[in-house]
Amino acid sequence: MIIANEMVPLIDPALERYTHEHTKPANALLQELTRVTREKMRDYNMQVGSVEGTFLRMLATMSGARRVLEIGTFTGYSALSMAEALPDDGEVITCDIDEEVTRVAQSFFDRSPHGKKIQIRLGDARATIRELAKDAASKPFDLVFLDADKRSYVDYFELALPMVRQGGLIVADNTLWSGRVLDPKSEDDRGIDAYNKLVTKDERVDNVLLSIRDGIMLARKR
Ligand SMILES: C[S@@+](CC[C@H](N)C(=O)[O-])C[C@H]1O[C@@H](n2cnc3c(N)ncnc32)[C@H](O)[C@@H]1O
């Protein structure tokens with residue numbers, strides 16, 4: 001039986017291990033964050049992990065991102081990974097509804113030379129995005145990373161896309177959802193499947209669905 005947020009590996013575990021062994025290791029602080037999250041958090045597997053974290057940092061570097069919006073902070077691994085790629089005046093705005101997990105995130109941001117680039121917004125992501133939309137014309141985002149409740153991805157995409165600059169990216173995690181997209185049953189399964197269908201049809205973006213980890217949908221605003 002698959003529990004709600006259990007992640008089933010999409011590739012052979014030996015190959016998964018091989019991808020880790022052939023990706024540069026995370027720095028000591030990120031490795032500690034992985035360890036602490038495993039020790040303290042029941043849902044530790046929500047963390048993106050080192051290969052995807054490295055991929056996000058590389059995307060932020062390659063796209064020359066200065067402003068990043070993240071939906072779903074958890075203990076801060078992806079936010080910190082992306083912040084490392086930004087210039088000194090860059091910023092990651094990351095939001096979460098859970099105060100306890102963001103306390104862990106903030107304690108790691110405080111120990112990183114890149115932590116001052118990260119702002120945590122506590123509260124429902126829809127409300128946070130609507131608030132940020134007021135400034136979006138003068139301060140558009142270069143990259144948005146969706147990694148919160150799966151049933152809301154379509155809403156997050158519609159709210160965030162107008163705030164993204166032309167050529168900017170919306171990156172969504174878990175878009176293969178341990179294979180459950182093939183036979184969606186729950187609201188979250190349907191949410192992910194609806195998101196993948198929407199992005200593929202939407203003329204405002206180019207897109208590719210990558211089978212990295214649990215699936216990453218990359219959309220680039222035209
Ligand atoms: C998969 S985790 C994020 C993992 C994170 N990106 C990382 O690498 O560690 C999803 C997070 O989304 C948060 N979340 C769920 N629903 C939310 C909502 N409506 N608004 C904001 N955050 C939400 C959860 O509290 C959880 O911490």
Just need a number here: residues in region 201-222 that are more than 14 Å from F157 (Cα to Cα) and part of a loop (DSSP other than H, G, I, E, B). 6
Taking D88, is it of a type in the set (D, E, K, R), within 14 Å of the ligand (Cβ to nearest atom) and touching a residue at least 24 places away in the same chain (Cβ under 8 Å)? no
Report the residue count in region 83-117 for those that are under 16 Å from L29 (Cα atoms) and assigned to a loop (DSSP other than H, G, I, E, B). 7
I'm trying to understand the selection: among the residues of region 95-129, which are of a type in the set (K, R) and either free of Cβ contacts under 8 Å to residues at least 12 places away in the same chain or more than 12 Å from the ligand (Cβ to nearest atom) (or both)? R103, R111, K116, K117
How do the pairs read when you match residues in region 154-172 that are under 15 Å from G191 (Cα atoms) with residues anywhere that are outside any helix (DSSP H, G or I) and β-branched (V, I, T), using Cβ under 6 Å and keeping only pairs 6 or more apart or on different chains? Y156/I71
Among the residues that make up region 169-179, is at least one of them farther than 18 Å from C95 by Cβ, in a helix (DSSP H, G or I) and within 16 Å of the ligand (Cβ to nearest atom)? yes
Residue pairs meeting the criteria (Cβ under 8 Å; at least 6 apart or on separate chains; first in contact (Cβ under 8 Å) with a residue 60 or more places away in the chain, in region 41-54; second among the hydrophobic types (A, V, I, L, M, F, W, C) and more than 7 Å from the ligand (Cβ to nearest atom)): M41/V104; V48/L56; V51/I212; E52/I212; E52/I216
Hey, could you check region 203-222 for residues that are within 17 Å of G179 (Cα to Cα) and buried (at least 20 other Cβ atoms within 10 Å of the Cβ) and say which is modelled with the lowest pLDDT? R213
Check region 132-153 and report whether any residue there is touching a residue at least 40 places away in the same chain (Cβ under 8 Å), over 20 Å from L59 (Cα atoms) and of a type in the set (V, I, T). no
Of the residues in region 167-182, those that are in contact with a helix residue (DSSP H, G or I) (Cβ under 8 Å, 6 or more places away or on another chain) and farther than 18 Å from I11 by Cα come to L169, I170, V171, A172
Return a yes/no flag: does region 4-15 have any residue that is of a type outside the set (A, V, I, L, M), assigned to a helix (DSSP H, G or I) and out of contact with any helix residue (DSSP H, G or I) (no Cβ under 6 Å at 6 or more places or on another chain). yes
Restricting region 18-71 to residues that are part of a loop (DSSP other than H, G, I, E, B) and touching a Ser or Thr at 6+ places or on another chain (Cβ under 8 Å), which is surrounded by the fewest Cβ atoms within 10 Å (Cβ to Cβ)? K24
Exactly one condition in (1) assigned to a strand (DSSP E or B); (2) under 18 Å from T54 (Cα atoms); (3) within 14 Å of the ligand (Cβ to nearest atom) is false for A79; which is it? (1)
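The values are calculated or read from the model by the stated rules, or taken from the named source; none is laboratory data. Keep in mind the model is a prediction, meaning the values are calculated, not measured. Because the Cβ atoms are built from the backbone with ideal geometry, glycine has one as well, and the counts that use them run over all protein chains shown.
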